[in-house]
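Contents: one structure, followed by commentary.
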């Protein structure tokens, strides 16, 4: 679908693309077809699409023979999608971050930047066979970042723990209408068993969030100043943060495995606070 065709459809709906909501419509059929091909779809698959808009990607997914469950929050787009596809898709109107998601096997979606992070974590918690998502290039680089780099953070650790993740293609801004200010990437996610064990996953994710929320501080100081750690640790336990593994390093210096060791030691410390006197 060309840019002028998208513009005509939007005008018929009385709409303009919302920059606030990250509404940029993918109009490059080569990219659409590449995204669907990367998902390795079959007639047995049920595909979750988030924010289908006017359905350009939806059409490409349906052409593969797969079933589609689409989540769209915009009233006018929902009405248009019902006219365009009828019962060929299962359409859920709502905010995908908050909405209940039915069962699905795979994910093929163009994620607005505003919800990319919470949606990624929600999907990884939900589980699926394979996902191919379009995200802004900066976000893709954070998803795949290695320890010791400026892009490495909580997202990198969470994605690594739950899945294998790779940037499958870089997509220029000219593939969208209207053009966004930045380039995008197609990212492929394949869930897997965690590559290392932790004593308690909630503690692992809480500690990860705490240390990256204060990434310029050393680990012991980051934990001492973070509300999550303060809530879990007694005053006596907090005094022993300096003895935790890698306590004198900063978050970006630790591998996910080392953060796992840190979270286990933190959990043990909070369970068995030191006695004084």
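The values are calculated or read from the model by the stated rules, or taken from the named source; none is laboratory data. Keep in mind that this is a model prediction, so the values were computed, not measured. Methodologically, a virtual Cβ is constructed for each residue, glycine included, from the backbone with ideal geometry; neighbour enumeration extends over all protein chains shown.
A quick yes/no check of all residues on (1) in contact with a strand residue (DSSP E or B) (Cβ under 8 Å, 6 or more places away or on another chain); (2) at pLDDT 95 or above; (3) at negative phi:
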residue: 13; (1), (2), (3): no, no, yes
residue: 17; (1), (2), (3): yes, no, yes
residue: 29; (1), (2), (3): no, no, yes
residue: 42; (1), (2), (3): no, yes, yes
residue: 60; (1), (2), (3): no, yes, yes
residue: 64; (1), (2), (3): no, yes, yes
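Among (1) closer than 19 Å to residue 85 by Cβ; (2) in contact (Cβ under 8 Å) with a residue 40 or more places away in the chain; (3) under 26 Å from the mean Cα position of the chain (by Cα), where does residue 29 come up short?
So the condition that residue 29 fails would be (2).
Report, by residue number, each residue of the stretch 33-49 that is part of a helix (DSSP H, G or I) and either over 25 Å from residue 126 (Cα atoms) or in contact (Cβ under 8 Å) with a residue 60 or more places away in the chain (or both).
33, 34, 35, 36, 38, 39, listed by residue number.
Being in the same structural domain as residue 112 (by TED's automatic domain parsing), closer than 20 Å to residue 123 by Cα and part of a loop (DSSP other than H, G, I, E, B) is true for just one of 17, 52. Which residue is that?
Working: 17 fails: closer than 20 Å to residue 123 by Cα.
Exactly one of 17, 52 is in the same structural domain as residue 112 (by TED's automatic domain parsing), closer than 20 Å to residue 123 by Cα and part of a loop (DSSP other than H, G, I, E, B), namely 52.
Return yes or no: is residue 153 at pLDDT 95 or above and more than 17 Å from the chain's Cα centre (by Cα)? Walk me through how you get there before you give the answer.
Details: at pLDDT 95 or above: yes; more than 17 Å from the chain's Cα centre (by Cα): no.
So residue 153 fails the test.
So which helices (runs of 4 or more DSSP H) stay within the stretch 153-257 end to end and still have 3 or more residues that are touching a helix residue (DSSP H, G or I) at 6+ places or on another chain (Cβ under 8 Å)?
Working: elements: 154-162, 201-213, 219-225, 227-232, 235-238.
Where helices (runs of 4 or more DSSP H) fall fully within the stretch 153-257 and carry at least 3 residues being touching a helix residue (DSSP H, G or I) at 6+ places or on another chain (Cβ under 8 Å), they are 154-162, 201-213, 219-225, 227-232.
Just checking, which of 96, 70, 140 is buried (at least 17 other Cβ atoms within 10 Å of the Cβ), free of Cβ contacts under 8 Å to residues at least 60 places away in the same chain and part of a loop (DSSP other than H, G, I, E, B)?
96
Condition check: at pLDDT 95 or above and under 18 Å from the mean Cα position of the chain (by Cα). Does residue 108 satisfy that?
Numbers: at pLDDT 95 or above: yes; under 18 Å from the mean Cα position of the chain (by Cα): yes.
Spelling it out, residue 108 is indeed at pLDDT 95 or above and under 18 Å from the mean Cα position of the chain (by Cα).
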